[in-house]
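The block underneath contains the structure these notes are about, expressed in structure tokens.
Taken together, the values in this text are just the output of simple stated rules run on the coordinates, not laboratory data. Quantities reported herein were computed from a predicted structural model and do not represent experimental measurements. Positions of Cβ are backbone-derived with ideal geometry, glycine not excepted, and every protein chain shown enters the neighbour counts.
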Amino acid sequence: MFGIGIDVSKATLDVAVHEQQFRQFSNDKRGVQRLIQWLKQWPTKQVVLEASGGYEVAALDALHAAGLPMVRINPARARRFAQGTGRAAKTDRLDAEVLAQMAHLLSLTRYTPPAPWQRRLAEFAQCRRQLVQMRVSEIQRLRQLGEPTLIAMKQRHIDELSKDIKELDSAINEQLSAQPAWKNIGTLKGVGPVLATTLACELPELGTLNGKAIAALVGIAPMNRESGTWKGQRRIMERTASHHRRPCGGARSALHGRLDGHPVRATAARFLRHSEEQGQGEQGRAGGSHAQDAGDPQRP
């Protein structure tokens, strides 16, 4: 059985079979079909590719539909694996070979394709996030203006954005309400429409993995820090941007809700403490990377 690695770019798919062959295919419908035919000659253990800003989705779904065991991983994880094996250089071919080595050596979580309703909901959610980011930017620009004509113009744009966001909120809530497994999730303390939408769209693994596995996948699982007789405090070591911010907001809501004496309050407090400690450096580097949620009335 062979591990297969695919390095994805907008135009090409660079494919490596572990310690065997390397081929390049175009990243379009015809190229993917050629890739599927070529892979049939190899007994496949698993096929690993990186999340690549959406350029991987068509190939990922087509290969999964063809019956291949697909895995999509965080690019940072692949980079750390490459560094751990002594590979400092980086090219498309080398990246594909690293992914093939990972596929050969590691047991990775298989890709679970989202349902059609999840894909549709994800488009609405992405559009909403973009509009919220635009509104935050416009509000910040408005504060710097002094000319009344420009202030009025900017305010009209902000009002239009708020109107569009409100319409998207209504459409998103309607789609969630149509799903039996999700229509009542908003009744849980700390779970608002934004968190529910993020979970529904971006975690199709929910229901297929246990709680510990989901926590590790999202990046909110406290990891051991021990060596010899030294035992450090468990900490959240890495995070996935939107996966992490939304549960953080939910935990904050639960913490400030009517949960006095409830065990979940202590859990929420620990989660927030670790999250905020880990996020301080990241916020400084990213400038305003978390500004997309500022002024967002739907944030739980």
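When a footprinting reagent is the concern and you count Cβ atoms within 10 Å, what order do Leu99, Leu94, Leu195 take, fewest first?
So the residues, fewest neighbours to most, are Leu94, Leu195, Leu99.
Contour minus end-to-end for Gln155 and Ala115, with contour as 0.36 nm per residue of separation and end-to-end as the Cα-Cα distance?
Between Gln155 and Ala115, full extension yields an extra 10.5 nm.
For Gln130 and Thr229, what is the calculated FRET efficiency with R₀ set at 51 Å and r taken between the beta-carbons, to the nearest 0.05?
The formula returns an efficiency of 0.50 here.
Go from 0 up to the bin containing the longest alpha carbon distance in segment 2-105, width 10 Å each, and give me the % of pairs per bin.
Per 10 Å bin, starting at 0, the Cα pair percentages come out as 17, 56, 25, 2.
Show me, for segment 84-99, the HN-Hα J-couplings you get by feeding each phi into the Karplus relation (A = 6.51, B = -1.76, C = 1.60, θ = phi - 60°), rounded to Hz, glycine and proline as x.
Running phi through 6.51 cos²θ - 1.76 cosθ + 1.60 with θ = phi - 60° gives x, 9, x, 9, 8, 6, 9, 9, 4, 5, 5, 4, 5, 5, 4, 5 Hz.
In what order do Leu142, Leu60 fall by count of nearby beta-carbon atoms within 10 Å, going from fewest to most?
Fewest to most other Cβ atoms nearby, the residues stand as Leu142, Leu60.
Looking at the square roots a ≥ b ≥ c of the eigenvalues of the Cα gyration tensor of segment 80-224, which shape do they give, rounded for a/c under 1.5, prolate if a/b is larger than b/c, or oblate?
In terms of gyration-tensor shape, oblate.
May I ask you to evaluate 6.51 cos²θ - 1.76 cosθ + 1.60, the Karplus curve with θ = phi - 60°, for each residue of segment 66-74 and list the ³J(HN,Hα) values in order in whole Hz, giving x for glycine and proline?
My calculation for segment 66-74 gives 7, x, 7, x, 9, 9, 10, 10, 6 Hz in order.
Test of understanding: ordering Ile36, Ile220 by Cβ neighbours within 10 Å, fewest first, what list do you get?
Ile36, Ile220
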